[in-house]
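If you scroll down you'll find the structure; I have some questions about it.
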């Protein structure tokens with residue numbers, strides 16, 4: 001079914017592409033695309049962006065080249081603000097800022113310098129599963145063991161408004177002995193800290209271990225909680241929190257549902273948007289891309305189109321009531 005969804009997505013883009021797209025295709029001949037990544041090299045966002053970049057240009061008419069530029073900071077907001085304020089809307093600069101910037105955009109959070117409704121959405125490789133990973137050396141082998149721990153466990157974060165901090169903060173609010181440690185700018189650096197015993201745990205997406213499969217293979221870390229039922233015997237986040245806190249899942253699980261959106265600034269000409277969306281759809285359906293993505297532990301076969309992403313962002317903003325937003329902000333302020 002996943003591969004069928006990719007084919008349907010590609011077909012839809014092909015059918016409804018504007019008639020003048022063929023002329024616009026000449027624009028990309030001998031040009032260079034720039035892909036801005038909102039996190040440092042080596043982490044999950046960077047890995048996904050580079051795999052997409054390598055294959056995307058194969059499906060852009062005119063055969064442009066592509067360069068990847070890392071612009072870390074504020075969990076993707078620095079990159080997204082740059083795209084919104086400093087980049088020409090000519091279709092030559094696109095971005096994969098990260099996993100949570102669109103939540104802050106939909107909620108008009110602090111530091112947001114863009115209109116999330118006007119961003120050009122190109123596509124996403126698909127939704128992901130996240131998990132709470134702890135060092136095996138801690139002796140914690142279940143969520144119950146974590147709650148019963150006589151000492152607080154430290155969890156690394158990528159920023160106070162990212163799921164890496166907010167989900168552990170939610171568990172801490174529920175009585176789990178968790179202490180947050182901030183200051184990390186990439187998943188790769190958090191994983192090194194986890195490996196070296198600098199921290200005890202990390203809430204992150206499964207594909208964070210694409211380049212660090214050794215941590216799992218050597219049983220240095222283990223998952224004890226997840227958002228989707230993908231890991232056998234591991235409980236779900238939705239079942240582990242109190243009913244009165246479950247409405248927060250709307251915002252906390254949004255990054256898993258959206259995946260890693262590929263976007264551009266507002267105002268890109270429709271025919272160039274069509275080219276980029278069609279190129280992404282073709283990339284997502286391509287066997288070579290799927291093979292490399294699978295090898296890197298990334299989702300394949302269930303891409304999300306640009307129009308669908310735009311609708312998802314609008315739905316997110318509508319569904320976030322003042323009470324939910326207030327509770328979400330409270331988590332983001334947790335220490």
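Counting each DSSP H run of 4 or more residues in the chain as -39500 (n - 2.57), what helix-only mean residue ellipticity at 222 nm follows after dividing by all residues, to the nearest 500 deg cm²/dmol?
Details: 16 runs with 142 residues, N = 335.
Helix contribution divided over all residues of the chain: -12000 deg cm²/dmol.
Separation of region 105-158 and region 254-330 by C-alpha centroid, Å?
18
Starting from 0.36 nm per residue, how many nanometres of slack lie between residue 217 and residue 137 once their C-alpha separation is accounted for?
My answer for the length gained is 27.3 nm.
While we're here: How many angstrom lie between the Cα centre of region 175-239 and the Cα centre of region 35-94?
26
Also, I was wondering about something else. Cα axis of helix 2-16 to longest principal axis of the chain: angle in degrees, 0 to 90, nearest 10?
30
Looking at region 130-252, what % of its DSSP beta bridges pair antiparallel, to the nearest 5? Mind dumping the intermediate values first?
On the way: 10 of 17 bridges.
Among the beta bridges of region 130-252, antiparallel pairing accounts for roughly 60 percent.
Let me ask you something else. Run the quick spin-label model on residue 54 and residue 308: label points 7 Å from Cα toward the beta carbon, then report their separation in nm to one decimal.
Calculated label separation equals 2.5 nm.
What is the extension gain from residue 323 to residue 145, computed as 0.36 nm multiplied by their sequence separation minus the C-alpha to C-alpha distance, in nm to one decimal?
Details: separation 178, 0.36 × 178 = 64.08 nm, distance 3.16 nm.
Using 0.36 nm per residue and subtracting the Cα-Cα distance, I get 60.9 nm.
Only bridges whose two residues both fall in the chain count here: according to DSSP, what percent of them are antiparallel, nearest 5? Before the final figure, lay out each step's value.
Working: 16 of 33 bridges.
Roughly 50 percent of the DSSP beta bridges within the chain come out antiparallel.
Highest first, please rank the peptides 226-239, 54-67 by the mean number of other Cβ atoms sitting within 10 Å of their residues. Don't skip to the answer; put the middle values down first.
Values: 226-239: 14.6, 54-67: 16.5.
Descending mean neighbour count gives 54-67, 226-239.
Shape of region 130-252 from its Cα gyration tensor (a ≥ b ≥ c, root eigenvalues): rounded if a/c is under 1.5, otherwise prolate when a/b > b/c, or oblate? Could the numbers behind the result be given before it?
Working: a/c = 1.34, a/b = 1.29, b/c = 1.04.
In terms of gyration-tensor shape, rounded.
Additional query: Would you mind computing, in nm to one decimal, how far apart the modelled labels at residue 85 and residue 232 are, each placed 7 Å from Cα along Cα→Cβ?
It is 5.1 nm.
Compute the acute angle (0 to 90°) between the alpha-carbon long axis of helix 306-319 and the principal axis of greatest extent of the alpha-carbon atoms of the chain; round to the nearest 10°.
Around 40 degrees separate the two axes.
Further question on the same structure: Averaging sequence separations of C-alpha pairs under 8 Å and six or more residues apart, then dividing by the length of the chain, give the relative contact order as a whole percent.
On the way: 678 pairs, mean separation 97.5, N = 335.
Across the chain, relative contact order equals 29 percent.
Give me the distance in nm between label points sitting 7 Å out from Cα along the Cα-to-Cβ direction at residue 67 and residue 179, one decimal.
Result for the modelled spin labels: 4.4 nm.
To continue, here is another question. Cβ neighbours within 10 Å, averaged per peptide: list 114-126, 311-323 in order, most packed at the top. Each step should come with its number before you reach the end.
Values: 114-126: 21.8, 311-323: 14.1.
Descending mean neighbour count gives 114-126, 311-323.
Read-outs: derived from the displayed coordinates by stated rules, not from any lab. For clarity, every value in this text was computed on a predicted model and none was experimentally measured. Neighbour counts run over all protein chains shown; Cβ positions are idealised from the backbone, glycine included.
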